[in-house]
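To keep things clear, I will list the structure first and then write my remarks on it.
The values are calculated or read from the model by the stated rules, or taken from the named source; none is laboratory data. Predicted model only: the values in this text are computed from it and were never measured. Cβ placement follows ideal geometry from the backbone for every residue including glycine, while neighbour counts extend to all protein chains displayed. Side chains included, ligands, DNA and RNA excluded: accessible areas come from the protein's heavy atoms. Shrake-Rupley method; radii C 1.70, N 1.55, O 1.52, S 1.80 Å.
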Amino acid sequence: MVEKTLFEKIIDREIPAEIVYEDDLCLAFNDISPQAPCHILIIPKKPVSRLAESTDKDKELLGHLLLRAKEIADNLGFSDEDQGFRIVINNGKNGGETVPHLHVHILAGRPLLWPPG
Ligand code: AMP
């Protein structure tokens, strides 16, 4: 049997996480090593390894993740233009991906630099 990823274990409640949102398709929880005052990960319950492995069949799921991410940021008060937030999806080794289960980072609460390191 294929070993579950860390995020599948969080979905299955085998590993604890500070869950901030859940529905049939996705789960959102605080990042364990926050890079900003607000750092939330939103992940699909379907085990898609990374964006590069997604297909046209995942169109609705990908849209869902972005729309829920926007709502979470909005509910926390980061939607105003003078606040703001950043959405990040790391893909593969050079992209900085460390967990092979698609995840969308929501970062907010401080000015974020560009370009990223
Ligand atoms: P990435 O580097 O894009 O693959 O992001 C993986 C993220 O998962 C990192 O920001 C980690 O801090 C975060 N992370 C790793 N383990 C946990 C955990 N047990 N609970 C919450 N976040 C985690």
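Some observations on this one:
- Pair list, Cβ under 6 Å, 6 or more apart: the stretch 3-22 residue under 24 Å from ALA73 (Cβ atoms) and of a type outside the set (Ser, Thr, Tyr), other residue near the ligand (Cβ under 8 Å from one of its atoms) and open to solvent by 50 Å² or more (accessible area, probe 1.4 Å): GLU18/ASN30
- Qualifying residues in the stretch 48-67 (those that are within 16 Å of the ligand (Cβ to nearest atom) and of a type in the set (D, E, K, R)) - the one surrounded by the fewest Cβ atoms within 10 Å (Cβ to Cβ): GLU53
- Some residue of the stretch 11-19 being surrounded by 15 or more Cβ atoms within 10 Å (Cβ to Cβ) and within 11 Å of the ligand (Cβ to nearest atom): yes
- Selection within the stretch 68-117 - within 16 Å of ASP31 (Cβ to Cβ), more than 14 Å from the ligand (Cβ to nearest atom) and either modelled with pLDDT under 95 or assigned to a loop (DSSP other than H, G, I, E, B) (or both): LEU76, PHE78, GLY109, ARG110, LEU112
- Members of the stretch 27-41 found to be more than 18 Å from ASN90 (Cα to Cα) and open to solvent by less than 80 Å² (accessible area, probe 1.4 Å), listed by number: none
- Test: ASN90 is open to solvent by 100 Å² or more (accessible area, probe 1.4 Å) and among the polar types (S, T, N, Q): no
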